[in-house]
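Only the coordinates and a few stated rules stand behind these numbers; no lab work does. Keep in mind it's a predicted model, so treat the numbers as computed, not measured. We place every Cβ from the backbone using ideal geometry, glycine too, and count neighbours over all the protein chains shown.
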6 protein chains.
Amino acid sequence: MRLELTRRYALAASHRLNSPHLDEAENERIYGKCNNPYGHGHNYIVEVTVSGKVDPATGMIADLGELDGYVAREIIEPFDHMYLNKDVEAFRDHVPTTENLCMEIFERLKQFPSARLVRIRLEETGRNSFEYAGQGDGDER
Amino acid sequence: MRLELTRRYALAASHRLNSPHLDEAENERIYGKCNNPYGHGHNYIVEVTVSGKVDPATGMIADLGELDGYVAREIIEPFDHMYLNKDVEAFRDHVPTTENLCMEIFERLKQFPSARLVRIRLEETGRNSFEYAGQGDGDER
Amino acid sequence: MRLELTRRYALAASHRLNSPHLDEAENERIYGKCNNPYGHGHNYIVEVTVSGKVDPATGMIADLGELDGYVAREIIEPFDHMYLNKDVEAFRDHVPTTENLCMEIFERLKQFPSARLVRIRLEETGRNSFEYAGQGDGDER
Amino acid sequence: MRLELTRRYALAASHRLNSPHLDEAENERIYGKCNNPYGHGHNYIVEVTVSGKVDPATGMIADLGELDGYVAREIIEPFDHMYLNKDVEAFRDHVPTTENLCMEIFERLKQFPSARLVRIRLEETGRNSFEYAGQGDGDER
Amino acid sequence: MRLELTRRYALAASHRLNSPHLDEAENERIYGKCNNPYGHGHNYIVEVTVSGKVDPATGMIADLGELDGYVAREIIEPFDHMYLNKDVEAFRDHVPTTENLCMEIFERLKQFPSARLVRIRLEETGRNSFEYAGQGDGDER
Amino acid sequence: MRLELTRRYALAASHRLNSPHLDEAENERIYGKCNNPYGHGHNYIVEVTVSGKVDPATGMIADLGELDGYVAREIIEPFDHMYLNKDVEAFRDHVPTTENLCMEIFERLKQFPSARLVRIRLEETGRNSFEYAGQGDGDER
């Protein structure tokens, strides 16, 4: 009776790809127009997948309101309508690629108490998406 | 040469979330407006994934017409344009959450003879979906 | 400097097509499975289009928050998660086809004070949609 | 034999809504989180509609390659992966709302030589879109 | 009480763009890879818009089953799973561009008896679509 | 720190389903209208999923430009705007079902040097898709 529930959220944010580990010429070569000085933005789509047993009394895995509140506090409030490079502590000296953003979102949600976080799928545009399922070290719920 | 084929079906149905295991106040608190007395509805999307070997003569896993007929008889006819709580035996005293509907669809399709049923993905709205892959006890095809 | 703004809302509701102007056999013949006794439902999509001049100070036609509040009060609260035939006064003795629902939504929104309502587009499923632009008698804003 | 052709383009850009005609408190009240100091971004979708007669020799209204080249030069290169407030001259002292961006795109494309520009539809998110068809003064092709 | 109803159909067909009015070099230059010798194909989406008064007894503009039957006979059967250049008489010596296909569909549906055909929108890919509303000579229903 | 990146490509191609292992009557019975003599076509969507470690210097799994170049050379150029049965060597005497096309694409991409190919998802229409993840013999990167 184990199911997965996937819930979809939207974020509008901006970022600039410029790594402190690379010099200016490398940053330009590797990131191309994503390295433009003032940044650019996306409508990110975040899909949060949790799994759990279906409670026989309620017929549900988890209370969606509780999940929404958790995601609002941990993800939407800090990231939505923000410039990731400046507004988010974690990306002050860490390049905010969609890969890194996807892992950051996973880390912020993995303690969700009412169901086990299975994976995060982060869509940057209709053409690119990323999935992260954590490091596999212990899924002991 | 094992592939998965996913085929998408649509269902328009209504339901009311009201569990016989909960009292009136709990039903209201837990289900909110999904507990409204006369129900409400959705355009459900059902994605059926089967897997199998590709037949070297036909280049196909399964005959889609056969799958469509099976799904029509087991799922579309009993559920489409129905009020799940009253028209479907299984939900007369079992709350028709999307979780429970997803498992019910899996159970009704798992004997499909021409390819192995892998999972059901059931979308309730553009924001919520559920996946169920059965109980894992034996995939011996 | 006249633009149109279209904003998209979602509604989950149920309805039964059964006209008081038709006898039982005609109701069955005309509406088919939409005449099933306990109703069925849809995820309706409502697109509200308003037009206006762009305010040179704000660069906007209308305050989206104001539009959202108006639509919430007039449309979402009375219709969302409802059984239209029983929960909505207008459909107690008036068949809630998508055509009639589309016109009802137009009538409820046409007094929106901050921009002129141009049309309502109502999607019942991915295959059917309806548009209504009122009766054309006077667009005097 | 007059048809309309609509072609869809994508733009990832960032902007900050902060009008020089409003004081700080008004900017905050009117634009809310769109007024955050470092901006945010979107995947804008630009739909360009042109109309014309179908050439009996080619069966086409316009050469799509020519339209793509024109849009690339006038819209994609100056706006894509840019921070509109700083990278685009027109928005240095003009608030880059989607309304204003939609009109700016129309003005930049209206001289397209091979078919008449009918309208621009600009989608900011899946929930908001804007359409502009110019000022109607003369469609003399 | 005049509304528009839009209904969406799908067609999988193939075509080759090669005009009898152009020589080989011009055909290659103008159509590029659409001129490849054996053709290529698309999942076309056909949106049929009709308008009419809402019948007060039924609450409907037109019987969808009747429209579906008409479109099946006039459009789906002759075009679906066909190579337009060889299987459709009209395109034996007339280049099957999406423009020409859009007008052909309009001509075949304009006599639909139960509601007035308003326009055809034909989508060739997610990036290109065409709309045709006829020649405007008489909308006398 | 292992992520999956999925990138989406589009292909317009045509095919005819007619197996050399079946006689004419069987071909007609099994493939139905997909066996029509001159073929038909689709807008195929190809989703390529690769996985890898995130490089701490760049914050990326792989260079998207490199992946795009590889896919263009191996898949888009040989398949796009082609009639698979005649233009693609592999399908001269091998029926080009979407199953077989999906495996062919996997085989052509599995040597991609900069990240491990995980799976190919190939969508033939909005209703049918196929996934292939190879034969599982050794994922030793």
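Summary of values
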| item | result |
| --- | --- |
| Amide H contacts of E:Leu3 (H built 1.01 Å from N, under 5 Å, at least 5 apart or other chain) | E:Gly52, E:Val54 |
| Whole-percent pair-distance distribution, where bins are 5 Å wide, for the alpha carbons of the stretch E:56-141 | 3, 12, 20, 23, 20, 12, 6, 2, 1, 0 |
| Scattering curve values for the stretch F:4-132, log₁₀ I(q)/I(0), Debye with Cα scatterers, q = 0.10, 0.11, 0.12, 0.23 Å⁻¹ | -0.36, -0.42, -0.49, -1.38 |
| Largest to smallest principal axis extent of the C-alpha atoms in the protein assembly as shown, angstrom | 73, 72, 67 |
| Averaged over F:21-32, number of beta-carbon atoms from partner chains that fall within 10 Å | 2 |
| Whole-Hz couplings from phi, Karplus 6.51/-1.76/1.60, listed for the stretch E:35-43; x for Gly and Pro | 9, 3, x, 9, x, 7, x, 8, 8 |
| Amide H contacts under 5 Å for D:Ala13, placed H, 5+ residues apart | A:Gly41, D:His42, D:Tyr44, D:His81 |
| Residue mean of other protein chain beta carbons inside 10 Å, D:125-131 | 6 |
| Residue-by-residue Karplus 3J(HN,Hα) for the stretch D:52-68, coefficients 6.51, -1.76, 1.60, Hz, glycine and proline x | x, 7, 7, 5, x, 6, 9, x, 10, 6, 7, 7, 4, x, 5, 4, 4 |
| In sequence order, calculated HN-Hα J values of the stretch D:113-121 (Karplus, 6.51, -1.76, 1.60; Hz; x Gly/Pro) | x, 9, 6, 7, 5, 9, 6, 10, 10 |
| Residues whose placed amide H lies under 5 Å from that of A:Ala57, excluding near-sequence neighbours | none |
| Computed label-point distance, nm, for sites D:Thr125 and B:Asn128 using a 7 Å Cα→Cβ extension | 2.1 nm |
